[in-house]
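Below you'll find the structure, written out as structure tokens, and then a few comments.
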Amino acid sequence: MDNHKLDTLYLMRLLLAIARFGSFAAAASHLGITPSKASKDLRHLEQSLGAVLLSRTTRRVQLTDAGKLACQQADQMVALHEELLDGLQRRRHSLCGELRITAPDLWGEVVLTPVLLRFRASHPEVRIIADFSNHVADLVRDNLHVAFRSTVLRSEPYLARPIVQDDLVLCASEAYLATHPPLVQPQDLQHHSLITRSQDYGRREHWTLLHQGKEILLEVAGELAFSNKKSVQMAMAQGLGIARLPRYLVADELASGSVCEVLPAYRPKGAHFYALYTQRRADSALITHFLDYVIRELGGPATSTDPLSTPS
């Protein structure tokens, strides 16, 4: 307790308690110290300020003019300290700060944006800056907190957490399937119109299908070929052929029955969406909570605060 006399906040509280209760004994009892210590510490405060703060009588202790001024200042100091403690407590229990993230443009638009909006509604003190682009960003150079990528981990120079499976699906509109021969095995695809992704103005793609633990590699050519998935999806929905698309892009149509899965026993090989971040972000409560939230919302793997290091 001897160190209390060196604690300015303690001395301020002591002065306020004496002014409030009008006696050293009552103030000392309130603060859990002895009356003699209260008297000794108050004298220390007066000496340090170079002013008499109390007028002591046998019946009551009263504030001097200097004491009244000191009490006003002491009250502000104690209030500011309590406000600081309250602010830090709120910070521990509520998230704040800035999140700078990047994600593939289509997945970011269709899947991640609704999650970001719900997260922001739950945590209004968090600022979110999102860049949806297929450009592979450098997290350090671009000062990013999290990069979402659909990939097979190989030698990424970052830590990674699995977010959700990036499933692909062979699909066609109900109208197309009603007017074309049924499909039983992958070879039947050669008798159908296909819609593919074009690269460098080409129309050929390699599709890898999974069946009973084995991979079946197909080289296909589209009657229609587009460089972006939304155009492929639009053409497929209008009954112009069979396409390989991300399941998230056609989930609503599959649920309604307007689009049907083709060759469901032969699933296209997909990848996995990961959240990539640097080692220095690993201990961030905001990033950990954000990724936990995204995983829960998307129904991904069980939440884990232990990052998965990518293999070298």
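The values are calculated or read from the model by the stated rules, or taken from the named source; none is laboratory data. No experiment lies behind these values; they were computed from the predicted model shown. In this analysis, Cβ positions are derived from the backbone assuming ideal geometry, glycine residues included, and neighbour counts consider all displayed protein chains. Remember, those area values only see protein heavy atoms, side chains included, never the ligands or the DNA or RNA. Shrake-Rupley method; radii C 1.70, N 1.55, O 1.52, S 1.80 Å.
Tabulated values for the structure
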quantity	calculated
Spatially proximal aspartates and glutamates relative to Lys269 (Cα-Cα < 18 Å; intrachain offsets below 8 disregarded)	Asp166, Asp167, Glu205, Glu215, Glu219, Glu261
Cα lying deepest toward the dipole's positive end in the chain, options Ala265, Ala243, Gln62, charges on Cβ	Gln62
Spin-label model distance (nm) - Gln199 vs Lys214, 7 Å beyond Cα toward Cβ	2.6
Sequence-distant aspartates and glutamates (8 or more away, or on other chains) whose Cα lies within less than 13 Å of Lys40	Asp2
Angle between the chain longest axis and helix 247-256 axis [Cα atoms, degrees, rounded to 10]	70
Cα gyration tensor shape for segment 109-254, rounded if a/c is under 1.5, else prolate or oblate	prolate
Karplus 3J(HN,Hα) series, Hz, for segment 193-198 with 6.51 cos²θ - 1.76 cosθ + 1.60 (x for Gly, Pro)	6, 10, 10, 10, 8, 9
Relative contact order, percent, the chain [alpha-carbon distance under 8 Å, six or more residues apart]	20
Extension gain (nm, one decimal) between Glu83 and Val52, 0.36 nm per residue minus Cα-Cα	8.2 nm
Cα long-axis angle, helix 285-298 against the chain (0 to 90 degrees, to the nearest 10)	40
Accessible area (Å², per residue) of the chain, counting only protein heavy atoms and a probe of 1.4 Å	57
MRE, 222 nm, helices only [DSSP H, n ≥ 4, -39500 (n - 2.57), over the chain, to nearest 500]	-11500 deg cm²/dmol
Cα-based shape type of the chain, given that a ≥ b ≥ c are square roots of the gyration tensor eigenvalues and the cut on a/c is 1.5	prolate
Contact order normalised by residue count of segment 181-312, Cα under 8 Å, 6+ apart, percent	21
FRET efficiency estimate (nearest 0.05) - Cβ-Cβ, Ala121 to His206, R0 35 angstrom	0.25
Stretchable slack from Thr34 to Arg296, in nm (0.36 nm times residue separation minus alpha-carbon distance)	88.8 nm
Highest-MSF residue in the chain out of Tyr201, Tyr293, Tyr158 [GNM, Cα springs under 10 Å]	Tyr201
Carbon and sulfur %, accessible surface of the chain computed with the full protein complex present, 1.4 Å	51
Gaussian network model of the chain, springs between alpha carbon atoms under 10 Å - residue of Pro35, Pro114, Pro181 with greatest fluctuation	Pro35
Loop-resident sites, segment 20-80, for trypsin sites (Lys or Arg not before Pro), counting at most 10 other Cβ within 10 Å (DSSP)	Arg59, Arg60
Whether segment 25-86 is rounded, prolate or oblate, judged on the alpha carbon gyration tensor where a/c under 1.5 counts as rounded	oblate
20 Å Cα-Cα reach of Lys68 towards aspartates and glutamates, excluding residues that sit fewer than 8 places from it in its own chain	Asp41, Glu46
